[in-house]
Amino acid sequence: MSEKTEITWEPEADRRIKRSPFLMRRFIRKRIEDRVAGRGRTHVTEADVDESAGMYRQYRFK
């Protein structure tokens, strides 16, 4: 059975996600965490949020 690794967030990256629409936050956060985990990392940075902002342009991140 695989062990779920906890993903941590830089405070600034977390703050920027909280500026996205409330109903989309959980979806966006999960997508970012999945991408980070897929790269073998356990910490979300502002660069990860920047990358996602390009993918989800219609949502406000900055």
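Computed over segment 8-55, the percent of Cα pairs more than 18 Å apart is 17.
Measuring r between the beta carbons of K18 and R39 and using R0 = 25 Å, the FRET efficiency lands at 0.60.
Values quoted throughout were computed directly from the atomic coordinates according to the rules given, and no laboratory measurement underlies them. Since we're looking at a predicted model, the values are computed, not measured. All Cβ positions, even for glycine, are placed from backbone atoms using ideal geometry, and neighbour counts span all protein chains on display.
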